[in-house]
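The structure appears right after this line, and notes come after that.
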Amino acid sequence: MERNLKNILIISFGFLLLFTAYGGLQSLQSSLHSEEGLGVASLSVLYAALILSSMFLPPILIKKLGCKWTIAGSMCCYIAFSLGNFYASWYTLIPTSVILGLGGAPLWSAKCTYLTIAGNSYAEKAGKNGKDIINQYFGIFFLIFQSSGIWGNLISSLIFSQASNKVEVSEENLACCGAYDCMTDTTNTTGSTEPSNSLIYTLLGIYTASGVLAVLLIVIFLDQIKSDQAETEKEKLETPSFWSTFLATFQHLKDKRQCLLIPLTMYSGFEQGFLSGDYTKTYVTCALGIHYVGYVMICFSAVNSLCSLLFGRISQFTGRKLLFALAAVANIACIIALLLWKPHPKQLAVFFVFPALWGLSDAIWQTQTNGLYGILFEKHKEAAFANYRLWESLGFVIAYAYSTKLQVYIKLYILLSVLVLSMVMYGAVEYLEAKRSPGTSTATKKENLGTHTQETHM
């Protein structure tokens with residue numbers, strides 16, 4: 001097997017193992033650790049640490065350790081989070097969330113750097129276009145990686161379905177589920193009791209082992225990048241200093257279009273935070289039980305992956321405006337329905353309709369917003385995508401921060417308000433673009449979205 005391809009597969013399966021564990025844990029945080037909002041608080045802290053990490057850690061670590069050992073070390077940060085869940089408290093989960101957040105940005109940056117170097121290296125030897133090979137490598141990576149959302153949630157549902165203490169939820173307790181929740185610990189208020197400690201420890205043991213296997217796979221089998229290639233890449237990483245990158249991120253806000261895109265970018269964090277932090281707890285866990293959370297999130301992950309591929313392909317024919325409109329309509333319909341719907345175990349199929357539609361919308365938000373940034377700010381991509389990461393992560397932080405303070409219907413109204421504002425602002429961006437180039441509407445340009453490399457699952 002060609003060596004570069006072997007390394008790409010090792011990284012891909014390493015990330016698959018790691019995010020099988022993290023993805024499953026993220027979906028369960030609000031349900032497993034609902035006391036005093038510990039679960040969602042840990043996620044809020046995690047994304048806040050990720051913002052800080054992305055501003056300064058990646059270039060420093062990659063320069064000092066190289067890509068291979070940065071990936072391995074960052075993966076250990078994820079394992080620390082799994083271990084923190086064994087004895088979940090404010091003194092274990094919050095510090096390990098900070099550790100994971102700090103390790104998140106270097107992990108993804110080192111992965112992107114490694115795949116880019118490997119692609120350019122092979123292209124040079126084979127006399128092919130470097131960009132084409134890099135896109136192929138990213139395609140292989142995401143094909144394997146995206147399935148992690150399915151495996152992690154499947155494991156949790158299969159384990160929790162073994163619980164012998166399943167109880168029928170009374171009509172009185174069901175009244176506390178949904179948009180007008182009772183602002184109490186739903187897993188204790190309803191008959192849907194928490195799984196036993198032995199089942200929780202079994203799940204956490206599997207997740208931790210999966211993370212350890214990921215680290216071993218990288219340490220033992222991944223080749224270190226050749227020194228001459230690494231030095232070249234280090235020079236690139238050194239060129240913009242931390243302060244220049246930091247300042248460029250905020251100087252980019254002088255561009256009116258970037259300011260107008262802030263609500264849309266933050267909405268991406270809000271809507272993902274609502275699904276994993278609120279829908280899983282106040283609708284699914286409350287009415288059906290925690291063992292259904294995994295199945296519901298599998299539905300979301302599967303639809304999201306398929307639609308990401310589909311919309312990435314068809315956007316050049318439909319234009320992005322039509323896709324953004326489709327995502328907005330689907331999300332608005334879901335929000336209104338969630339406000340009106342009273343979840344009941346007899347309506348099992350409905351619990352899966354919402355994450356399916358949410359997955360369709362999220363696929364558009366991710367692929368099209370990434371593509372939009374790449375097209376609008378082609379000359380300042382680094383600063384533009386730094387803003388993307390900053391504002392999306394801030395959306396996550398805020399969504400998780402107010403998760404335990406507000407009733408669900410208020411959160412849904414906030415979501416709806418931010419979405420409407422986002423669409424108005426986005427319309428203004430398209431108007432400005434049409435004015436800038438009246439002969440050629442940006443929407444009709446070939447929208448080469450490239451590879452869907454924005455890691456929304458962190």
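Below, the figures for the structure above:
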quantity: Only listed residue being open to solvent by 40 Å² or more (accessible area, probe 1.4 Å), outside any loop (DSSP other than H, G, I, E, B), among the hydrophobic types (A, V, I, L, M, F, W, C) and in contact (Cβ under 8 Å) with a residue 40 or more places away in the chain, chosen from Leu102, Leu28; calculated: Leu102
quantity: Residue in the stretch 50-66 that is under 28 Å from Leu199 (Cα atoms) and under 17 Å from the mean Cα position of the chain (by Cα) present; calculated: no
quantity: Cross-chain or 6+ apart pairs with Cβ under 8 Å, the stretch 314-338 first and over 15 Å from Leu264 (Cβ atoms), then not in a helix (DSSP H, G or I); calculated: Ser315/Glu447; Ser315/Leu449; Gln316/Lys446; Gln316/Glu447; Gln316/Asn448; Gly319/Glu447; Leu338/Gly178; Leu338/Ala179
quantity: Any hit, the stretch 32-52, residues being of a type outside the set (Lys, Arg) and not in a helix (DSSP H, G or I); calculated: yes
quantity: Members of the stretch 368-384 found to be within 15 Å of the chain's Cα centre (by Cα) and open to solvent by 10 Å² or more (accessible area, probe 1.4 Å), listed by number; calculated: Asn370
quantity: Residue match in the stretch 15-25 (condition: at positive phi and either assigned to a helix (DSSP H, G or I) or surrounded by fewer than 22 Cβ atoms within 10 Å (Cβ to Cβ) (or both)); calculated: no
quantity: Any helices (runs of 4 or more DSSP H) falling wholly within the stretch 149-239 and containing at least 3 residues that are modelled with pLDDT of 85 or more and open to solvent by less than 50 Å² (accessible area, probe 1.4 Å); calculated: 197-221
quantity: Among (1) crowded, with 22+ Cβ neighbours inside 10 Å; (2) modelled with pLDDT of 90 or more - the single one Ile332 does not satisfy; calculated: (1)
quantity: Top-ranked residue in the stretch 378-400 [being aromatic (Phe, Trp, Tyr) and under 15 Å from Phe250 (Cα atoms); ranked as modelled with the highest pLDDT]; calculated: Trp391
quantity: Test: residue in the stretch 70-90 that is closer than 24 Å to Leu247 by Cβ, assigned to a helix (DSSP H, G or I), open to solvent by less than 10 Å² (accessible area, probe 1.4 Å) and free of Cβ contacts under 8 Å to residues at least 60 places away in the same chain; calculated: no
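The values are calculated or read from the model by the stated rules, or taken from the named source; none is laboratory data. Predicted model only: the values in this text are computed from it and were never measured. Note: ideal-geometry Cβ built from the backbone for every residue, glycine included; neighbour counts use all protein chains shown. Areas reflect the complete protein model, heavy atoms only, side chains present, ligands, DNA and RNA absent. Shrake-Rupley method; radii C 1.70, N 1.55, O 1.52, S 1.80 Å.
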